[in-house]
Amino acid sequence: MKIAIITGSAGLIGSEAVRFFYDKGFQVVGIDNDMRQYFFGADGSTRQNLAALKTQCPNFINYDVDIRDFKAVSRVFSEYNKDVSLIIHCAAQPSHDWAAREPFTDFGVNATGTLNLLESARQHCPDAVFIFTSTNKVYGDTPNRLPLVELKTRWELDPSHCYYANGIDESLSIDHSTHSLFGASKLAADILVQEYGRYFKMKTGVFRGGCLTGPRHAGVELHGFLAYLMKCAVTGQEYQILGYKGKQVRDNIHSFDLVSAFYHFFKNPHVGEVYNIGGSRFSNCSLLEAIGMCENIVGKKMHTHYVEANRVGDHIWWISDVSKFQSHYPNWKLTKNVENILTEIYNYNRERWLKESRSV
């Protein structure tokens, strides 16, 4: 039987990957110790997702292991050894702001944890495909130097620029910019994954995501843009708009579309490859536009508060150019745009959010 090890298995992308590869006939082994609750409190916990996975995927096994602990990680890999054909590394500390609170924890999880997984894979299952969920924050604030035009509801790239048609590609520099500590720790991991591919000839793939989203995202103020925004729209909680007049643009990719991209890579892997992956021109919005969509779906105005200061290292405009990945895997395509995603988040979570808000 094919075995897949998935870290962050109870999180948004991890749980989507568990279900996807379980349905493909894999024995799925998870590594998740709910560090998200430590990062973001009870609202950020993934315990509910984990319980659902154990019910829906009866043969799924999860190890409550901290990826910063090399011996513990290696023990998991040693139980399966060369039977492991796929590793999907989703576990992370995902917030700009939180990283500055505890830099050692952030770097330990994002960078050292990734090294522990790579070395465990090299020692126990070197032929396995290793997929890493990186981030567009590895480019730092370099995208903010692009020529931008202010429109009524968004910042937009100057139409004469080469990135205008499809978005930002992998040629953008990762140097000489402010990344945030989160961006720096993810960049360290990103380079490690590339190097294990190129130096040790392992089949590693780096996916630099834009906003990753979906109905099972435990959205909180510090992380989980669309899910947290919709939660505020449903419950009436105030939403803070941080800088850039609320016109900052993000592309958004549904967790299923991302995991589908992982599957295409698994079937025909490359060595040390890097892809920008996101909603592209197919699925993107500004914060103001997303607020408008939430208000239309929920049927009421949101309570918002504008703060002039933006987050350090934050992007004004980001749209991923997915052309490279599509050229390698022409049968892959995006299936859900921002409005589809927001509607799905609303339908999946509305009753639970309302119940929780009434009990507070």
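All of the numbers you see were taken from the coordinates with simple rules; none came from a lab. Computed from a predicted model, the values in this text were never measured in an experiment. Glycine gets a Cβ as well: all are built from the backbone with ideal geometry, and neighbour counts include every protein chain shown.
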In terms of the ratio Rg/(2.2 N^0.38 Å) built on C-alpha atoms, what value belongs to segment 77-209? 1.23
Antiparallel bridges, percent of DSSP beta bridges restricted to segment 84-205 (to nearest 5): 30
Using helices alone, what [θ] at 222 nm do you get for the chain, with -39,500 (n - 2.57) per DSSP H run of 4 or more residues, divided over all residues and rounded to the nearest 500? -12500 deg cm²/dmol
Work out the length of the dipole vector of the chain about its Cα centre, built from +1 on the beta-carbon of each Lys and Arg and -1 on the beta-carbon of each Asp and Glu, and round it to the nearest 20 debye. 640
Would you mind checking which residues have amide H under 5 Å from Tyr63's amide H? H placed 1.01 Å from N; only 5 or more apart, or other chain. Gly30, Ile31, Asp32
Volume per residue of the C-alpha convex hull in the chain, rounded to whole Å³: 129
What nm value, rounded to one decimal, do you get for the distance between Lys54 and Arg198 when each label is placed 7 Å out toward the C-beta? 4.3
Provide the percentage of antiparallel DSSP beta bridges, counting only those with both residues in the chain; round to the nearest 5. 15
Part-to-part distance (alpha-carbon centres) for segment 170-216 and segment 8-24, which is given in Å: 20
Full-extension gain between Phe104 and Tyr164, please, as 0.36 nm times their residue separation minus the C-alpha to C-alpha distance. 17.8 nm
Among Pro143, Ala92, Val129 - extreme Cα towards positive end, dipole of segment 1-151, charges at beta-carbon: Val129
The residues Cys57, Cys285, Cys162, sorted from fewest to most surrounding Cβ atoms within 10 Å, come out as Cys162, Cys57, Cys285
Could you put Lys301, Lys186 in order, starting from the residue whose Cβ has the fewest other Cβ atoms within 10 Å? Lys301, Lys186
With a cut-off of 8 Å between alpha carbons and a minimum separation of six or more residues, what is the relative contact order of the chain in percent? 18
Percent relative contact order of segment 115-236, based on C-alpha pairs within less than 8 angstrom and at least six residues apart? 33
Quick one: putting +1 on the C-beta of Lys and Arg, -1 on the C-beta of Asp and Glu, what dipole do you get for segment 75-117 around its Cα centre, in Debye to the nearest 20? 120
Can you give the net charge of the other residues whose Cβ lies under 13 Å from the Cβ of Val28, counting K and R as +1 and D and E as -1? 0
Equivalent-ellipsoid semi-axes (√(5λ), Cα gyration tensor) for segment 240-325, whole Å, largest first? 31, 17, 9
Selection from Phe104, Leu115, Met35 lying farthest towards where the dipole of segment 3-359 points positive, charges on Cβ: Met35
Estimated dipole of segment 141-187 in Debye, rounded to 20 [Cβ of Lys and Arg +1, of Asp and Glu -1, Cα centre]: 160
Rounded to whole Hz, the Karplus (6.51, -1.76, 1.60) HN-Hα couplings of segment 141-154, x for glycine and proline: 9, 3, x, 6, 8, 5, x, 10, 10, 7, 10, 4, 10, 7
Other residues with Cβ under 11 Å from the Cβ of Val298 give, with Lys and Arg +1 and Asp and Glu -1, a net charge of +3
